Structure formats: structure tokens, C-alpha cells
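Before we start, here is the structure in question, set down as C-alpha cells.
The values are calculated or read from the model by the stated rules, or taken from the named source; none is laboratory data. This one's a predicted model, so the numbers in the text were calculated from it and none came from an experiment. Keep in mind that these areas ignore ligands, DNA and RNA; they rest on the heavy atoms of the full protein, side chains included. Shrake-Rupley method; radii C 1.70, N 1.55, O 1.52, S 1.80 Å.
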Amino acid sequence: MIVKIGSRSDSLSTHVKVLSQVAPESHQLPDWYTNPAGKPSVTDFATMSGLKVQQPAVAVPGQYTRLSTPRELSAHSAIIRKITSVLKKNMTKDISDPNSSEAKFMDAIIMDAPIIRLAQQSSGKLSLSLVDRLVALANRHYFKAIF
């Protein structure tokens, strides 16, 4: 195959050896890739890419760290769910429409950022000792959470 770069045919050109397989015929493509609407399915992606999609590992109590997210930590702790609720309320109090894209964006930031990053961004309102206590609670290390 010859590849030419430039606005004129005498611009840069070189021969390229193609090492990959030819793309499947359009009738072999999963439907989403020929008529994209919504999101492609994991099966379609795996079919097209030839990759095996692995499910993400789900942390369980005993495996949480400061890098865990409030969403992960709250899965096993009512106390953390309450604290997360208060945190979200405080961070979104200036947003008038709770269904707006801005509110959804803030919710994603709060719920999916590592808890240590939220502490760093909170100007001292979420202290490192509280982060460590929340992690201890999620890990079911209750004495460590208290002392």
C-alpha cells in the first residue's frame, strides 16, 4: 500500500506493509457498529476487538484503602452512606436542579473519586483521620475506627 501525505501527489509518500487482518464485512459487524445508537454492548465490543472483557474486581470489607471511593465504601456501611449523603448535600447545595447535568456530574465526582482525593480537595472539612476512620469502618475494624 502506498501512503501519500500532503496536498499534492508529489508530496511525501512511502510504501507501507499492512500486518493486520482485513476488517470483517459489514454483515459480520455487530449491529451497534453499523447503526450506532446508545451504547455498544460488552459482547459487541469483545466481538469486534477480539479481547476478553473481564468484570472489575469488587472490593470487600478488609480490602478497602484510602484510594477506595465513597461508592465502594458505602456498599457495606450505613454510617458511610449517611456521611456520603451529607457530603453530597454540602457540595451540591448551590445547584438548583438536582436532575441537572451539573448535579449528576458532581454526584459522580463525589461518589467515584478516591476518598483521599476528596479529603485533599475539602480544605480540611474532611480530615485524614476521618478518612482513616471511614476506611476502618468499611473494613469492619470497629475499634480502629473509634480510637
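With a Cα-only, solvent-free Debye model of the chain, what are the log10 I(q)/I(0) values at q = 0.10, 0.16 Å⁻¹?
Rounded to two decimals, the profile gives -0.63, -0.92.
Oh, and also: Accessible area of D107, 1.4 Å probe, to the nearest 10 Å²?
Answer for D107: close to 50 Å² accessible.
Write down the accessible area per residue of the range 25-147 in Å², having rolled a 1.4 Å probe over the full set of protein chains.
Here the per-residue accessible area is 72 Å².
Please say if the range 37-94 is rounded, prolate or oblate, where rounded means a/c under 1.5 for a ≥ b ≥ c the square roots of the C-alpha gyration tensor eigenvalues, and otherwise the choice is prolate for a/b larger than b/c and oblate otherwise?
Taking the square roots of the gyration eigenvalues as a ≥ b ≥ c, the range 37-94 is oblate.
Considering only Cα-Cα distances, which of the following residue pairs are longer than 28 Å: K88/K144; K52/K89; K39/K104?
Violating the 28 Å limit, Cα to Cα: K52/K89.
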